[in-house]
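Remarks on the structure that follows.
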Amino acid sequence: MRRLLLSAAAVLVAPAALAGTPTLSPMTSWGFNGDGWWAPGENGITYLANNNEQRSMAVNPVNGNVYVTNALSVRILDPLTGAATGLLDTTGIAGGARALNTVGVTRTGQIYGTNLTTNSTTSPYRVYHWAGEAAAPVNVYSGDAGLPGSRIGDDVDVWGDLLAAGYSNNPAVAGNNGFAVLDTNTNTLTRPAFAGSPPNAGDFRLSIAGVDGDTLYGTQSSGGTGRLRVADFSGGVATLVTSIQLTSASERGMDYAFLDGTALLATIDTVTSIVRLYDVTNVDGTTTSLSAIASLDLTAPDNANGNGTSAVAFGKLVDTGSERFWPLYAMNTNNGIQAFKVVVPEPASLTILAFAGLLALRRR
């Protein structure tokens, strides 16, 4: 018996590398045709269309609901079917090139939205807060986003209690190679600045994804090497950790999640609508390229997306007893929303440990 228990203990500390590769498959409950894709105009819906109006999407980690922006509206979608169940109140939201462009949600279910401004001096960057799906929006920040004259609001990510958005490369303003960070507890905004270049102007413009309290990913996918920027930040200082080559130059929308011990980055290609999954568990300052561990595209055909806008969001864990998966939603503007099941296999070490424990009990 002692020998078997010692074997089980040894297996317990087996390396995480024994875990299987995460998989990506269609969430067939999503959409009208059971294919995992709500296509533009499918079943008569108007809030997903080929009109350049869908610019942002986010998931509420508390109730699992999906939010998608469409012009001056935020539609609430059922997390399993994608059916529209309501709208957020947008009363009083105004100002900017697009009064309501992005949406994000904190870990406690607090909803935030921002406008898009092409000049933060003449038209302030605005951040709105909804205390819940039935609440009215409150303007919690209005200002120059820490960089006068900048364009900001093309993207957003809200993770933990932080909100971040990247500056555009146009107009040319010194310091537009970075991003702004808003603390949602205090509604104070800071602009962590890089000492030099790279990153280049606008490198965090089209997608930004928070990793932890002081690290985020950004991309504009402008071509060349190092399309994905990894940055650390603290107060007013930002540091480029590394630049990573992904599969395609047009991977923009992205999201990060740490699922069952595996760090994953999901992206969507704004030209082909291909969704890719990357294992970023061991990404550090020496990482210069990544290969996708899974990829899938449920759309056909694709509509052009000249703005390069998109969004990807991991959903709330679904565990029915018979299956266990994390939803993954991917929106490529003008091409509707795809939904997938992400399954992270149980580490082999746990399976072996359970078997060894069973043998020990039987021997006893």
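Derivation of every value follows stated rules applied to the coordinates shown; laboratory data play no part. Please read these numbers as outputs of a predicted model, since none were measured by experiment. Note: ideal-geometry Cβ built from the backbone for every residue, glycine included; neighbour counts use all protein chains shown.
List the residues whose amide H sits under 5 Å from the amide H of Gly36, counting only those 5 or more places along or on another chain, with H placed 1.01 Å from N in the peptide plane.
Correct list: Trp30.
Using Cβ contacts closer than 10 Å as the measure, can you line up Glu346, Glu53, Glu323 from fewest to most?
Glu323, Glu346, Glu53
Below 8 Å, C-alpha to C-alpha, sequence gap of six or more: please give me the relative contact order for segment 167-213 in percent.
Relative contact order, segment 167-213: 44 percent.
Under a Cβ-only charge scheme (Lys and Arg +1, Asp and Glu -1), can you give me the dipole magnitude of the chain about the Cα centre, in debye to the nearest 20?
Computed charge dipole of the chain: roughly 780 debye.
Beta carbons within 10 angstrom, averaged per residue: use that to sort the peptides 131-137, 245-251, 148-154, highest first.
Final packing ranking: 148-154, 245-251, 131-137.
How large is the Rg to Rh ratio of the chain when both quantities use alpha carbon positions and Rh follows Kirkwood?
Ratio of gyration radius to Kirkwood radius: 1.01.
Could you sort 329-336, 186-193 so that the peptide with the highest average Cβ count within 10 Å comes first and the rest follow in order?
Those peptides, ordered most packed to least, come out 329-336, 186-193.
Efficiency by 1/(1 + (r/R0)^6): what FRET value for Val62 and Thr122, r their Cβ-Cβ distance, R0 = 35 Å, to the nearest 0.05?
Efficiency, rounded to the nearest 0.05: 0.40.
Hey, with R₀ at 25 Å, roughly what FRET efficiency would Thr23 and Thr242 work out to, going by the Cβ-Cβ distance, to 0.05?
After rounding, the FRET efficiency stands at 0.40.
Sequence gap at least 6, Cα distance under 8 Å: using those rules, report the relative contact order of the chain to the nearest whole percent.
18 percent
Hey, what angle do you get for helix 2-12 against the long axis of the chain, alpha-carbon based, 0 to 90 degrees rounded to 10?
The angle comes out at about 20 degrees.
With a sphere of radius 12 Å drawn around the Cβ of Asn50, what net charge do the other residues whose Cβ falls strictly inside it have (Lys, Arg +1; Asp, Glu -1)?
-3
Nearest 10 degrees, 0 to 90: what angle lies between the long axis of helix 348-363 and the longest principal axis of the chain (Cα atoms)?
30 degrees
May I ask you to derive the FRET efficiency for Ala304 and Asn43 from their Cβ-Cβ distance with R0 = 22 Å, giving the value to the nearest 0.05?
The calculated FRET efficiency here is 0.45.
What is the packing order of peptides 107-114, 71-78, 42-49, taking the mean over residues of other C-beta atoms within 10 Å and listing the highest first?
The packing order, highest mean first, is 107-114, 71-78, 42-49.
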